[in-house]
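Here is the structure we will look at, set down as structure tokens.
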Amino acid sequence: MYKYDDYDQRIVDERVAQFKDQTDRYLAGELTEEQFLPLRLQNGLYVQRYAPMLRVAVPYGLMSSQQVRKLAHIARTYDKGYAHISTRTNVQFNWPELADVPAILAELASVQMHAIQTSGNCIRNTTTDQFAGVVPNELVDPRPYCEIIRQWSTFHPEFAFLPRKFKIAVNSHETDDRVATLLHDIGIKIVRNSADEIGFQVYVGGGLGRTPIVASLVKEFLAEKDLLTYLDAVLRVYNLNGRRDNKYKARIKILVKALGVEAFAKLVDEEWQHLKDGPGTLTDQELERIKGHFTAPDYKVLSASSELKTQTQENKAFSNWYNRNVSEHKVAGYAIVTLTLKKLGTAPGDITDQQLDTVADLADKYSLGEVRGSHEQNLVLADVEESQLFALWQEAKAAGFATPNLGLLTDMICCPGGDFCALANAKSLPVAEALQEKFDNLDYLHDLGEIDLNISGCMNACGHHHIGHIGILGVDKKGAEFYQVSLGGKSGVGANVGKILGPSFARDQMPMIIEKILSIFVDLRIDGERFIDTYDRVGQAPFKERVYAKAN
Amino acid sequence: MQKLINHTGVIDNNWALIETVEGELPSGQILVPASYWLENLEALKGRSDVGIWFAADAQIAPFLALISDVAVIAINFPAFANGRGYSLARLVKERSGFKGELRAFGDVLLDQLFFMRRCGFDTYLLKEGLSGEKAVEYFATFADPYQLAYDKPEPLFRRKGA
Ligand code: SF4
């Protein structure tokens, strides 16, 4: 993983000093509430319903065990003993004191971490495939490009106060898309052209929120060295032309739509002609330097573990977990393990300080000391030897990370909602919990197969409800909390926005409604179909008919 | 009194900002609205006592070929969170041949000075009540930033190698 040099460290240290000064001036009354607001937001500090929330950046989801232990320490010392993994693979603390934040940032800086630009109208954390570098059929490791983007976007002087927040995702997998690339302000797909050169396909203007849109292709092939000059051009066109009069129309997706993709692409291209081949062009030396931080470890030469076969045959629970939560590694004899944070009784993505310490220990013991976050709010150990899986499973199970539900109904994505978030229309966590409770029979869950169920507490869509196969959105109906259901959303390669089923439901109806939707699916499915396959085949009508027929 | 600063300290403000021109132009060194300047291009171009001010939402393209010998250009920040002026500044400084003084005015606060300097501003009319002496410390928040910009024509990865 990327290790800071003196320059990187200095920038983060200077940030700590800067934010301490800003906090001191705010507490002394020299900065008004309004003046301090964007400054603290650019440092990931929100004031939530009950307390401030600090969002720590985890660039493209990658952490060392040392960093995870530091997060555990912060959760214990400055918070109520837990942290939350967000859908942008950042880590959030829900209860820090404002006056403690400079000290927390200093702690983070000591392990090469920060909270820079985790919120506010600036370029946010770049995300990528949580299986980057270890998954089969990847073109190249996308993480060096994410790191290059991280450095370029960190305190970019021209783009610190954009019309609205700005998110970039990078995907390098030939067939899978685990990062919802096309639902970002910029989605970068790494491709190889006919001359066998690595480059990028650039998609612009995707996003969730009030107006969910899939991004449009604006650049068919961008050479590797041109990445940053082209991003500068896109951002400049957006900064100059994006709307600032209405925050709901300020995202770049609205600009792309208003101008039309072709006109937008033309503007970007005209701007880019001024920057192309200028000093912003990446050098071979810099590309090599950054890539050098992401070289593959010295994998052992292993053969398939015969023990593993016996273990899966003899132990049903282990075999369930193995089938669900373990993914194929590109190197024979190794496996990728997802530790699920979706256990009955805990909010999706929540993790205690002790669990964080345990994750760090597991990473050291089984996976070369590295941990990754995923946008489904789980954690990943990417380099586990197959022969160690059984031992790892036992330890993970004891710590509550081995619910074998990865990709299943109860592996849901859920935003913090009305319990924590000041913007919420409705609570989301109690809905998630009620569903976890209702659907806790693992055999039933396995029989249902893969279903993405995503819950957001409001239109801002932090819980990605639009792209869940089943999406649930909290709405406010004359002051009461209601929930709107949409079906057919997709986040992967054929990304698609779900369609609203009909009038919304009260909270206590939700488990029953979801059960009804599932039973309709079970009735209609043809052998082997996943929920989304059946839905795509039969359409919304049968669901709509039967859900509302019986509900009324 | 609002303080005008450059990168080393407080300086005198010798340019009067004319919000809207009514009738005759006042005498002395003045900054006129960009639209007025363009409409009166023939009379004003080349006058060393007339500068231009741009609103944050100004369309800058028509000016870029015309402003190389203007003495002072000012860009307004109606709210510090409106960052359009940063792009305007870079275009004025990097794409028009302008060699004069680029000034920021409006909601100009301490914490944005570092970014403004990087984008090419030379002087800053601070918001009422802010101390000029204190403000100059804020130009040095980060010693060696990653990106190229007006102040550093090469990005860190090229500077490091040099
Ligand atoms: S979706 Fe709405 S309620 Fe949920 S975290 Fe985002 S802003 Fe808050």
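Things to note:
- Fewest-first sequence of A:Ser153, A:Ser64 by Cβ atoms within 10 Å of each Cβ: A:Ser64, A:Ser153
- Cα centroid of the range A:260-301 to Cα centroid of the range B:133-162, whole Å: 21
- Near-label residues of the range A:322-340 by backbone N, under 17 Å of a point 7 Å along Cα→Cβ of A:Asp533: none
- C-alpha long axis of helix B:84-95 to longest principal axis of chain B, angle in °: 90
- Amide H contacts of A:Tyr334: A:Glu386, each under 5 Å away and 5 or more positions distant or on a separate chain (H built 1.01 Å from N in the peptide plane; Pro and chain starts excluded).
- Relative exposure of A:His293, A:His446, judged by other C-beta atoms within 10 Å (fewest first): A:His293, A:His446
- Over 27 Å between alpha carbons, listed pairs A:Lys249/A:Lys490; A:Lys189/A:Lys276; A:Lys167/B:Lys127; A:Lys3/A:Lys343; B:Lys127/B:Lys160; A:Lys490/A:Lys516: A:Lys167/B:Lys127; A:Lys3/A:Lys343; B:Lys127/B:Lys160
- Quarter of the Cα convex hull surface for the range A:413-547, i.e. its orientation-mean projected area (nm²): 7.9
- Relative packing of A:454-461, A:304-311, A:516-523, which averages over residues the other C-beta atoms within 10 Å, highest first: A:454-461, A:516-523, A:304-311
- Under 5 Å from the amide H of A:Gly369 lie the amide H atoms of A:Asp364, each residue being 5 or more positions distant or on a separate chain, with H modelled from the backbone and absent for Pro and chain starts.
- Taking packing as the residue-averaged number of other Cβ atoms within 10 angstrom, the listed peptides A:277-289, A:324-336, A:411-423, A:34-46 run from highest to lowest as A:411-423, A:34-46, A:324-336, A:277-289.
- Free-standing Cys, chain A [no other Cys Cβ under 4.7 Å]: A:Cys122, A:Cys146, A:Cys414, A:Cys421, A:Cys458
- Computed over every Cα-Cα pair of chain A and binned at 10 Å starting from 0, the pair-distance distribution P(r) comes out as 4, 18, 28, 28, 17, 5, 0 percent.
- Candidate aspartates and glutamates for bridging to A:Lys438, where Cα separation is under 18 Å - those fewer than 8 sequence places away on the same chain excluded: A:Asp411, A:Asp447, A:Glu450, A:Asp452, A:Asp508, A:Glu515
- Whole-Å semi-axes of the ellipsoid equivalent to the range A:45-198 (Cα gyration tensor, √5λ, descending): 30, 18, 13
- Cα gyration tensor, the range A:211-312 - rounded (a/c under 1.5), prolate or oblate: oblate
- Compared with the direct C-alpha span, the chain from A:Gln273 to A:Asn460 gains 63.8 nm at full extension, assuming 0.36 nm per residue.
- Reach of A:Lys253 by Cα under 13 Å, taken over aspartates and glutamates that are not fewer than 8 positions away in the same chain: A:Asp185
- Here the spin labels are modelled as points 7 Å beyond Cα on the Cα-Cβ line, and at B:Ser131 and B:Ala43 they lie 4.6 nm apart.
- Rounded, prolate or oblate (a/c below 1.5 giving rounded, otherwise prolate when a/b exceeds b/c) for the range A:255-349 by Cα gyration tensor: oblate
- For the range A:306-342, the residues whose backbone nitrogen is under 14 Å from a point 7 Å from the Cα of A:Tyr299, taken along Cα to Cβ, are A:327-337.
- Only helical runs count toward this figure. For chain A, summing -39,500 (n - 2.57) over DSSP H runs of n ≥ 4 and dividing by all residues gives -11500 deg cm²/dmol at 222 nm.
- Using only Cα coordinates, the Kirkwood hydrodynamic radius of the range B:4-159 works out to 16.1 Å.
- Counting, for every residue in B:108-115, the Cβ atoms of other protein chains within 10 Å of its Cβ and taking the mean gives 5.
- GNM flexibility winner over chain B from B:Gly85, B:Gly28, B:Gly106 (Cα, springs under 10 Å): B:Gly28
- Descending by average beta-carbon neighbour count within 10 Å, the peptides B:92-100, A:198-206, A:154-162 line up as A:154-162, A:198-206, B:92-100, the highest first.
- Estimated FRET transfer efficiency when R0 is 22 angstrom, pair A:Asn441-A:Asn315 (beta carbons, to 0.05): 0.70
- Partners for B:Lys45 among lysines (Cα-Cα distance below 28 Å; same-chain residues under 8 apart left out): B:Lys93, B:Lys99
- The slack in the chain from A:Ile198 to A:Arg507, taken as 0.36 nm per residue of separation less the alpha-carbon distance, amounts to 106.3 nm.
- Semi-axis lengths, Å, the range A:1-106, gyration tensor of Cα atoms, sqrt of 5 times eigenvalues: 23, 18, 12
- Chain B, helix-only ellipticity at 222 nm - DSSP H runs n ≥ 4, -39,500 (n - 2.57), divided by all residues, nearest 500: -5500 deg cm²/dmol
- Annotation for the range A:156-190 versus the range B:25-53: alpha-carbon center distance of 43 Å.
- On the basis of the beta-carbon distance and an R0 of 22 Å, A:Asp361 and A:Tyr4 show a calculated FRET efficiency of 0.35.
- For B:Asn76, neighbours were defined as the other residues whose beta-carbon sits under 12 Å from its Cβ, and their charges (Lys and Arg +1, Asp and Glu -1) total -1.
- Mean per-residue shielding of peptide A:286-294 is 1, counting Cβ atoms of other chains within 10 Å of each Cβ.
- Listed from fewest to most Cβ neighbours within 10 Å, the set A:His184, A:His84 follows the order A:His84, A:His184.
- Based on the Stokes-Einstein relation at 10 °C and a viscosity of 1.306 mPa s, and on the Kirkwood radius from alpha carbon pairs, the range A:306-399 is assigned a translational diffusion coefficient of 117 µm²/s.
- Sequence-distant residues sharing a close amide H with A:Leu501 (under 5 Å, placed H): A:Val485, A:Ser486, A:Leu487
- Under the Karplus curve 6.51 cos²θ - 1.76 cosθ + 1.60, θ = phi - 60°, whole-Hz ³J(HN,Hα) for the range A:181-193, x wherever Gly or Pro sits: 3, 7, 10, 10, 4, 10, x, 10, 10, 7, 9, 10, 8
- Counting Cβ atoms of other protein chains within 10 Å of each Cβ in A:242-254 and taking the mean gives 1.
Readers should treat all values here as calculations from the given coordinates under stated rules, not as data from a laboratory. The shown structure was predicted, so the numbers you read here are calculated from the model rather than taken from an experiment. Because the Cβ atoms are built from the backbone with ideal geometry, glycine has one as well, and the counts that use them run over all protein chains shown.
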